[in-house]
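In what follows, a structure is listed as structure tokens, so that the remarks can point back to it.
The values are calculated or read from the model by the stated rules, or taken from the named source; none is laboratory data. Just so we're clear, the structure is a prediction, and the values are computed from it rather than from any experiment. Cβ atoms come from the backbone with ideal geometry, glycine included; neighbour counts cover every protein chain shown.
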Amino acid sequence: MDQRKLHKTVEAIASQKFTDEAEMLEKVLNQIIELEDIKVTGGRIWQLDPLKSEYELMYQTGSLDKIEKYFRVQISDYPLFDLIAKERTVLGNETNEFLRGIGIMHYSASGVGSKIRVNGKLYYEYLLALNSESIDEDLRLTLNIIATALTSQINQFRYSFRANSLKADIDKARQLQKSILPEHEYRFNNYILFGLTDPAEIVGGDFFDYLEIGGESNILGVTVGDAASKGVSAAAEAMYISGALRMACNFEIKMAVLMRRMNSLVNKIFEDDKFASLFYGELSQDQGGLFLYANAGHNPPMFIKNDSDEIKYLYPTGPVLGPTPNAKYIIENINFDVNDVLLIFSDGVVDSANADFENFGEERISNILKENKHLTPKEIVYKILDALIIFSKNGSYSDDKTLVAIKRIS
């Protein structure tokens, strides 16, 4: 299961109505176990007792022998727990004799909720532990996304009790966000670009931008980003990432270095329930139509050649920005011939649902692209948007939507 789909799945489960956080955590754990894609056989939720420097077993489910309720482990017995505040998830060998005796030889532990200071160190208020046949790096990345989504939902659950309407401030935020977006249509050398973003609320977490690299304008950066969740907090993250990219492009930083620095910034600056996907590419004056790109966990853009209906998907070349601080990003490339089209979009386009809970999906997007590749980028974008509006009328789910089309014209 890809990272954004997993986050959406957990977010959808956790966004149901619950009486308290414990019920929400239990429901999410049970439904995660039912997901075939992540191959989890069971799990446990532990709650921090800061006064006793212990974690107490709050809930357990799965195929392993059950641990007695309210079983406790000392923080001091698990030195790896000290790393969770920085790395979110740790994998280790079990040292508790009782737990080893019931078959738990290895463990995973991922932090959820707020961080609480205990004896001068920070620890998460909840730990999520999953059982799997493979306690490996893939499980660690999976746990990172699950824990990030759960923490976000816990925060929203808490905020809902004290949220007040700040209409004037939100309106200012909307105007500010509109002011940083570029003009919809843009011409660069032999290319025409057209983009738009449609927030699900007054402000949103999607953004796109066209970035002139250096002072010579020989290279144009094109980016589409999507900060997880919706509303004001997502908009703030989107504006920060967009601004940081604009600043970085003045220094002509190599793309791999740029992506690593953006990932590090998101990890350090924002709370650990925040992350963003980002697609970034560069057009140049190269006669061969070279387009370099990196994809940080974003929906794969679609590239269609003028002389064919075959679509090439520009799959992620690294993880989403934020949860994995030392992630690396690979740079890939495509080549534009005349009248080739690249379509970049956010997951709000794919995931928009109709009244029957059916998603708009990639297939509908690709079919519209094939039928209309001869049109201008603006016309292609509006063809997709029009179809999306008709499809999702009275729909069950709406998220921020962004589309950018690039076409080589000579």
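The figures follow:
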| quantity | calculated |
| --- | --- |
| Candidate set: segment 357-372, residues that are part of a loop (DSSP other than H, G, I, E, B) and touching a residue at least 24 places away in the same chain (Cβ under 8 Å); chosen: the one surrounded by the most Cβ atoms within 10 Å (Cβ to Cβ) | F360 |
| Any chance R4 is more than 16 Å from S152 (Cα to Cα) and either surrounded by 15 or more Cβ atoms within 10 Å (Cβ to Cβ) or in contact (Cβ under 8 Å) with a residue 12 or more places away in the chain (or both) | no |
| Criterion (of a type in the set (S, T, Y), within 30 Å of S410 (Cβ to Cβ) and modelled with pLDDT of 75 or more) met by exactly one of Y126, Y186 | Y186 |
| Top-ranked residue in segment 29-43 [being among the aliphatic types (A, V, I, L, M) and outside any helix (DSSP H, G or I); ranked as surrounded by the most Cβ atoms within 10 Å (Cβ to Cβ)] | V40 |
| Qualifying residue in segment 150-161 (condition: modelled with pLDDT under 60 and either surrounded by 17 or more Cβ atoms within 10 Å (Cβ to Cβ) or charged (D, E, K, R) (or both)) | no |
| In segment 46-85, the residues that are within 24 Å of S134 (Cα to Cα), assigned to a helix (DSSP H, G or I) and touching a residue at least 12 places away in the same chain (Cβ under 8 Å) | D77, L80, F81, D82, I84, A85 |
| Selected residue (criterion: farthest from L343 (Cα to Cα)) from residues of segment 292-310 that are hydrophobic (A, V, I, L, M, F, W, C) and within 24 Å of the chain's Cα centre (by Cα) | A296 |
| Residue match in segment 79-93 (condition: surrounded by 15 or more Cβ atoms within 10 Å (Cβ to Cβ), touching a Pro at 6+ places or on another chain (Cβ under 8 Å) and not assigned by TED's automatic domain parsing to the domain that holds L321) | yes |
| Which listed residue, of L375, L403, L385, is in contact with an Asp or Glu (Cβ under 9 Å, 6 or more places away or on another chain) and surrounded by fewer than 22 Cβ atoms within 10 Å (Cβ to Cβ) | L385 |
